[in-house]
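> What follows is a structure written as structure tokens; I'll ask about it next.
Only the coordinates and a few stated rules stand behind these numbers; no lab work does. Everything quoted here is computed from the prediction, not taken from an experiment. Glycine also receives a Cβ, built like all others from the backbone with ideal geometry; neighbour counts cover every protein chain displayed.
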Amino acid sequence: MTFIIAIDGPAAAGKGTLSRRIAETYGFHHLDTGLTYRATAKALLDTGLPLDDETVAARVAREVDLAGLDRSALAQHHIGEAASKIAVMPSVRRALVEAQQAFSMREPGTVLDGRDIGTVVCPNAPVKLYVTASPDVRARRRYDEILASGSEADYEAIFADVKKRDERDMGRADSPLKPAVDAHLLDTSEMSIEAAFQAAKSIIDAAL
Ligand code: C5P
């Protein structure tokens with residue numbers, strides 16, 4: 001049987017970095033499920049299809065190839081925005097969740113990160129982490145990242161964006177972002193990524 005590690009949390013909480021490091025450490029396959037929503041949104045944008053037609057969006061979602069997901073092609077802000085809009089549609093979620101569940105069964109183990117992994121995609125995962133940080137800290141991290149990449153950034157705009165994305169992800173009717181009842185909470189507001197990794201590692205080692 002495979003071993004599943006479910007990692008959820010809001011945007012920019014550090015779950016991507018943490019998930020990749022955990023997957024590398026244990027030799028597990030990693031799926032950033034946000035990319036499946038982003039790839040669906042990008043395919044709609046690229047072909048000029050509407051973002052508000054659930055039937056069309058679900059058809060595109062069923063065609064997403066998990067093997068071809070590349071964050072560098074999907075990182076743009078407007079793609080994330082479009083992704084969070086189509087992520088409210090139940091039939092888009094059903095199509096992507098099915099593909100994510102198939103991925104989660106790969107041997108010897110998998111790490112999936114997103115918003116609804118511990119609650120909906122893999123409710124039986126033996127390890128569930130809910131990684132969070134205050135909106136201010138998350139906005140600050142994103143701001144620093146953009147500056148470090150050599151671009152200009154507006155902190156207030158980023159902060160407003162983080163809040164808006166949280167509201168959309170936590171407020172939707174289908175699979176809202178929330179910790180699973182059996183998730184371990186990891187608040188990284190005042191924690192280095194190294195400290196967060198060590199905390200996660202002790203939780204995983206105790207469950208393996
Ligand atoms: O994590 P990332 O910012 O790439 O995700 C983009 C959007 O996809 C999120 O804002 C969220 O609305 C949606 N998403 C989701 N369920 C997941 C992963 C992402 O609804 N498991």
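> Multiplying the sequence separation of S189 and E98 by 0.36 nm and subtracting their Cα-Cα distance, what value in nm do you get?
The S189-E98 span can extend by a further 29.5 nm.
> Hey, another quick one. Starting from the Cα gyration tensor of the stretch 84-208, take the square roots of the eigenvalues, sort them a ≥ b ≥ c, and report rounded, prolate or oblate (rounded when a/c is under 1.5, otherwise prolate if a/b is larger than b/c, else oblate).
Oblate, since a/c reaches 1.5 and b/c is not below a/b.
> Please name whichever of A11, A39, A67 sits farthest to the positive end of the charge dipole of the stretch 11-67, dipole taken about the Cα centre and charges placed at Cβ: Lys and Arg +1, Asp and Glu -1.
In the stretch 11-67, that residue is A11.
> Between their Cα atoms, which of K85/K164; K85/K128; K15/K201; K42/K164; K128/K201; K15/K128 are more than 18 Å away from each other?
Check vs 18 Å cut-off fails for K85/K128; K42/K164.
> In addition: About the Cα centre of the chain, how large is the charge dipole given +1 on each Lys and Arg Cβ and -1 on each Asp and Glu Cβ? Please answer in debye to the nearest 20.
In debye, rounded to 20, the chain gives about 280.
> May I ask for the distance between the Cα centers of the stretch 1-17 and the stretch 101-154, given as a whole number of Å?
Answer, in whole Å: 5.
> With +1 on each Lys and Arg Cβ and -1 on each Asp and Glu Cβ, how big is the dipole of the stretch 100-204 about its Cα centre, in debye rounded to the nearest 20?
In debye, rounded to 20, the stretch 100-204 gives about 300.
> Separate question: Pick from D52, D70, D154: which is most flexible by mean-square fluctuation in a GNM of the chain where alpha carbon atoms under 10 Å apart are linked?
Greatest mean-square fluctuation among the candidates belongs to D154.
> Gain in length, M170 to T2, computed as 0.36 nm per residue apart minus the alpha-carbon separation, to one decimal in nm?
57.5 nm
> Here's a follow-up. Per DSSP H run of n ≥ 4, the term is -39500 (n - 2.57); total these for the chain, divide by its residue number, and report the mean residue ellipticity at 222 nm rounded to 500 deg cm²/dmol.
Roughly -16500 deg cm²/dmol at 222 nm, from the helical runs in the chain.
> Moving on to the next point. Tell me the relative contact order for the stretch 3-207 as a rounded percent, counting alpha carbon contacts under 8 Å between residues six or more apart.
Numbers: 315 pairs, mean separation 69.3, N = 205.
Relative contact order here is 34 percent.
> Also, quick follow-up: With unit charges on the beta carbon (Lys/Arg positive, Asp/Glu negative), name the residue among S192, A83, V56 whose Cα is farthest towards the positive pole of the charge dipole of the chain.
Projecting each Cα onto the dipole axis, the largest value belongs to V56.
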